[in-house]
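The values are calculated or read from the model by the stated rules, or taken from the named source; none is laboratory data. In this text the structure is predicted, and so the values were computed from the model without any measurement. Neighbour counts are summed over all protein chains in view; Cβ atoms, including those assigned to glycine, are modelled from backbone coordinates with ideal geometry. What goes into the accessible areas is simple: the full protein's heavy atoms, side chains included, and nothing from ligands, DNA or RNA. Shrake-Rupley method; radii C 1.70, N 1.55, O 1.52, S 1.80 Å.
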Amino acid sequence: MKKPQGRIEPYHHPAAGWGALKQVAINLIKEKVTGGDYRMLLKQNQPNGFDCPGCAWPDREHASTFEFCENGVKAVAAEATSKRVTPDFFAAHTVSELMAQSDYELEQHGRLTDPMVYDAAQDRYVPIDWNAAFELIAKHLKALDDPNRAAFYTSGRASNEAAFLYQLFVRMYGTNNFPDCSNMCHEATSRGLPGTVGIGKGTVTLDDFEHADTLLIFGQNPATNHPRMLGELRECAKRGATIVSINPLKERGLERFASPQHTLDMLSPKGVQISSVFIRPRVGGDFALIKGVAKRVIELDDEALAQGTERILDVGFIAEHTVNFDAFAADLRAESWSTIVAEAGLAVDEILKLADIYVKGKAVISTWGMGITQHKNSVATIQLLSNLMMMRGNIGRRGAGLCPVRGHSNVQGDRTVGIEEKPTQAFLDRLAKAYDFEPPREHGYDVVETIHAMLEGHVKVFIGLGGNFAIATPDTPRTFDAMRSCALTVHVTTKLNRSHLIHGQDALILPTLGRTEIDTQNGVAQGVTVEDSMSMVHISYGMNRPASANLLSEIAIVARMAHATLGSDKVDWLDLASDYAKIRDGIEQVFDGFQNYNERLKKPGGFHLGVASRDRVWKTPSGKAQFVVHGIALDTPIHRARAEHGQKLMTLMTTRSHDQYNTTIYGLDDRYRGVYGLRRVLFANREDLTMLGFEPGQHVDITSVWDDGVVRHVEDFMLVEYDIPRGCLGAYYPETNPLVPLSSVADGAGTPTSKSIPVLLSPAKSATLGADTEAHAIAA
Ligand SMILES: Nc1nc2c(c(=O)[nH]1)N[C@H]1C(S)=C(S)[C@@H](COP(=O)(O)OP(=O)(O)OC[C@H]3O[C@@H](n4cnc5c(=O)[nH]c(N)nc54)[C@H](O)[C@@H]3O)O[C@H]1N2
Ligand SMILES: Nc1nc2c(c(=O)[nH]1)N[C@H]1C(S)=C(S)[C@@H](COP(=O)(O)OP(=O)(O)OC[C@H]3O[C@@H](n4cnc5c(=O)[nH]c(N)nc54)[C@H](O)[C@@H]3O)O[C@H]1N2
Ligand SMILES: [Mo]
C-alpha cells in the first residue's frame, strides 16, 4: 500500500465555512452514498426522518430546516455508503491479513451484509445462517456455570427499544454485567451529579441557551464533536453573551465559526467570533481552577458584605435549597492560593478573571466534555463545578444550569432504560414486578472490570451491541489478551472493525440495520426512540433501503438471542420484536417519565423526560442540593511520576481528530488543528521540545509511567510544535490507548484516565516516516 504523505499546515479560517461544505461533497462522493441520492440528508433530524447517528446534541424543535453539520453528514455517509463487505470479501482475506490493515482501511470496506462465524481451520470468517448463530450463542450462554461469566457491552447508538430489550434479556439470564461506552465517557457525570443535585443528567434545555448571558465551555471541542452546538453558541455570541473556553488548547471552533446556514458568515473571511475569553489550564488542572474560582466567589462575597453592597452568593438559594455550605466555604477559605495556582497551571490573574466573569453572569450555563471526565479526579471536579454553580443559584433557573455534553446519539437513553451495571434496587423491583422474575441484585462489571475479569479467566462470553470494545478501551495489548481468552465473542455491528479481529475461540459478526435504514416488521415500518443530551425523547424512522436483505434490526437480533437462550415462556420475545410500540409499553411500565410514551412520540420533537434538579427538586438523601468538600489531590500518579522523572515527565491527553468518530476513522486529516494525512502525531509545546532536545517533525516513541512493572509503549509519533501548555502533550485516540494503564481510572467512576497519562518520550527506534502505515495498523 502507498504510504500517505502527511503535512502540517496551520488553519487560519473560521470553523465550518466553505471547508466543511467541501468535505461534505467529498464524503458523499467517496462513499457513493445510496447511489447518489442525497435527498435523505434533508430528512436528517426532521420530525418524520431519522435521528442523526452522530452526536447527542439536541435539535431545535427537531429542526424545521435542514441543519447543516459536516460531521453529521460524515456519520450518515459512512452508514449509507454503497460499499459492501460480503462473504466473498471474507473468503478472500484471513483474519491475520485483515489485522495488518489500519482502522482507517477496515472502515473503508463498507457495510457488512451477512452473519459470519469464525472458522479457526482457515483463520477466516465464513457465512452462518441466523438460526445457527443464535443457537451458538445460546449454547455458550447455557454452558456457563454462572451467568456472571458473560458480559454484555452496549455502545451508545443502540435505541431505547433495543437497549431495554437487551437489559431485560440479560437480567433474565441472570447478570448485571453491563459494561457500556458511557463507562469511558460521561460516567463521572452520571456518578458525580447525583451527589450534588440528585440526578446524573444535565439541567438545561435549548431554551436556556437563548437566555444565558454567560457560557463556560469546559474541556470540549464542539467544532469537531458537536458541530450543531456551534450554531447555538453563534446565536449566544451574537446576542452578546460571554463565552469562555476552558481548555488547554485554543480549539478553532471556539474561536471563530462560519455557519453554512448564514450567507453573511460564509462571505466574511473571519466568520463569527465565538469565545471571547480562553482560559487554558494545564491538562488535569480544572479541579484546582474551579476551586480557585469558588474561593474567589467567597472572597468577593466577603467584600460585598463588608461594603454593604449586593451579595455575590445567592444566599436565598443556598438557605432554601442546599446543605453543607458552611463546611464547603470553610474548605475554600482554608485552601491556599499557591496550591491552586500550581495545580491549575495558571497565573492567579487568569483565575480571578474567570471568577469575575462568573459573578457578573446573571444566567450562567456550564458545559463539559471529555476534557473533564477522563481524569482520576473527574467525579470530584464535576461535583465542584456543580457546587460553583449552586453558589449563585445557577441551577434550575431559566438560562442557567449544568450541561454535560454527551457523546453517542443515544448514550443517555441507554442508561435511562436500564443499561447500568449498578442498578438501583427500586428499578430492579419495578422490572421484577413488570416481568414477573427475580433479577440479579448484585452489581455487575463496568468496562474496565470486564477486562480484568476476562484476564482472570472469569468472563468467558462477550456480546457487544455495537461499538469497538477491543480498541475503544484502555491498555490495548492487555485488552486484546482479554478478548482472545474468551470462549465466545459476538458483535452486533454495521461495519467491520478491529474488535471483530480480536476474537474468542468462537466468534460471530452479526450485521444489523443502521438508524438511517427502513426497518420493517410484519410489513409495518418501525421507528425507534432516542434521548438526547438534554433529555428530549423522540422517534426516528429510517428511510434508506437496508444495506443487505440479510440484515436484522438490533431489536430482532436481541429478541432472537433471548428466545434461543431463555425460550419464550415468560416473555414473548418475538412478539415484542414484531411491533416496537410493545417494547415502549414495557419501558413505560418500568420507568417514570414515559407516561403515554407511544402517544407522546407523535408530537414532532417528542417530549422532555423531566429532570428533577431542573425543577429544583433534589433527589438526594438530604432532599437538598448538597455542597461536597474535596481537597486538591497532591499525590496522584502524575505527581508521583513527576517526582521521579522531573520535568521530563509529560501529561498526555488523547482526543479526537476532526475526521474520526471515536474508533471509526473516516479520513486522516484534522483540519482545524492543521494536520493532514497523519494520525501518529504528538502535539508539544515549543519550549518543552527544546528542553527535551527534540525538533518538530522528529519521530519519537512514547512510554507511559505506571507502577505495575508493565511496559506500555507506542512507537513512531511525529512531534508537532503546538500551542499547548508546558508539560502537556496531545495525541489521537485510539492509537495511544496502549498507553492507558488498565488500573488507571477515575475515582468513583471507573473511567479510564485517557486525558491524563504520565509519559516519557524517547527518539523513535524505528522511524518509518509513513505515519499511518500497515506497520502501525495496531500493535498486536
Ligand atoms: N465527529 C465526531 N463527533 C463526536 C465524536 C467523534 O469522535 N467524532 N465522539 C462522540 C463522543 S462518544 C463523545 S464522548 C464526544 C466527545 O467530544 P469532546 O468532549 O469534545 O471530546 P475530545 O475530542 O476527546 O476532547 C475534548 C477536549 O478536551 C480538551 N481537554 C483535554 N484535556 C483537558 C483538561 O485536562 N482540561 C480541559 N478543560 N480540557 C481538556 C481537549 O483539548 C479537547 O478540546 O463527541 C461525540 N461526537
Ligand atoms: N484514549 C481514549 N479512549 C477513549 C476515549 C478517549 O477520548 N480517549 N473516548 C471514550 C469514549 S467517550 C467512548 S464513547 C468510547 C467509544 O467506544 P465505542 O462506542 O465502543 O466505539 P465506537 O468507535 O463509537 O464504535 C464504532 C462501531 O460501532 C458500530 N456501529 C456503528 N453504528 C452502529 C449501529 O447503528 N448499530 C450497531 N450495532 N453498531 C454500530 C460499528 O461497527 C463501528 O465500527 O471510546 C472511549 N475511549
Ligand atoms: Mo463518548
Treating only the Cβ atoms of Lys and Arg (+1) and Asp and Glu (-1) as charged, compute the dipole magnitude of the range 621-780 about its Cα centre; round to the nearest 20 debye.
420
Vicinal HN-Hα couplings computed from phi for the range 412-421 (Karplus, 6.51 cos²θ - 1.76 cosθ + 1.60; Hz; Gly/Pro x):
6, x, 4, 5, 4, 9, x, 6, 7, 7
Which of the three applies to the range 189-404, rounded, prolate or oblate, going by the alpha-carbon gyration tensor with a ≥ b ≥ c and a/c under 1.5 meaning rounded?
prolate
Computed lengthening from E135 to T520, 0.36 nm per intervening residue step minus Cα-Cα distance
136.2 nm
Using a basic spin-label model with each label point 7 Å from the Cα along Cα→Cβ, how many nm lie between R726 and K602?
6.6
Inter-site label distance for A143 and D572 at 7 Å from Cα along Cβ, in nm:
3.3
If you roll a 1.4 angstrom probe over the protein chains with everything in place, what fraction of the accessible area of the chain belongs to carbon and sulfur, to the nearest %?
53
Work out, step by step, the length gained on full extension between W18 and S548: first 0.36 nm times the residue separation, then minus their alpha carbon distance; give nm to one decimal.
187.3 nm
Backbone HN-Hα couplings from phi across the range 166-173 [Karplus 6.51/-1.76/1.60, Hz, Gly and Pro as x]:
4, 5, 5, 4, 5, 6, 5, 5
Sum -39500 (n - 2.57) across every DSSP H segment of at least 4 residues in the chain, then divide by the residue count to get the 222 nm mean residue ellipticity, nearest 500.
-10000 deg cm²/dmol
Descending packing, highest mean Cβ count within 10 Å first, for 503-510, 602-609 is 503-510, 602-609
Sort the range 637-773 into rounded, prolate or oblate with this rule: let a ≥ b ≥ c be the square roots of the eigenvalues of the Cα gyration tensor; rounded if a/c is under 1.5, and if a/c is not under 1.5, prolate when a/b is larger than b/c, oblate otherwise.
oblate
Spin-label model distance (nm) - R430 vs T94, 7 Å beyond Cα toward Cβ
5.3
Counting DSSP beta bridges with both partners in the chain, what percentage is antiparallel, nearest 5?
45
Students often get this wrong: which residues of the range 375-403 have the backbone nitrogen under 17 Å from the point 7 angstrom along Cα-to-C-beta of H639?
375-381
Amide H contacts under 5 Å for V740, restricted to residues at least 5 apart in sequence or on another chain and with H modeled in the peptide plane, are D475, T476
Please give the per residue accessible area of the chain, computed with a probe of 1.4 Å over protein heavy atoms only, in Å².
34
Applying the gyration tensor rule to the Cα atoms of the chain (axes a ≥ b ≥ c; rounded if a/c under 1.5, else prolate if a/b exceeds b/c, else oblate), the class is rounded
Could you check what % of the DSSP bridge pairs in the range 673-745 are antiparallel, to the nearest 5?
65
Work out the charge dipole of the chain with +1 on the Cβ of Lys and Arg and -1 on the Cβ of Asp and Glu about the Cα centre, then indicate which of T473, S568, T242 is farthest towards its positive end.
T242
Which of A258, T224, S754 sits closest to the plus end of the dipole of the chain, meaning its Cα is farthest towards the positive end, when Lys and Arg get +1 and Asp and Glu get -1 on the C-beta?
A258
Magnitude of the charge dipole, the chain, Cβ model with Lys/Arg +1 and Asp/Glu -1, debye to 20:
1240
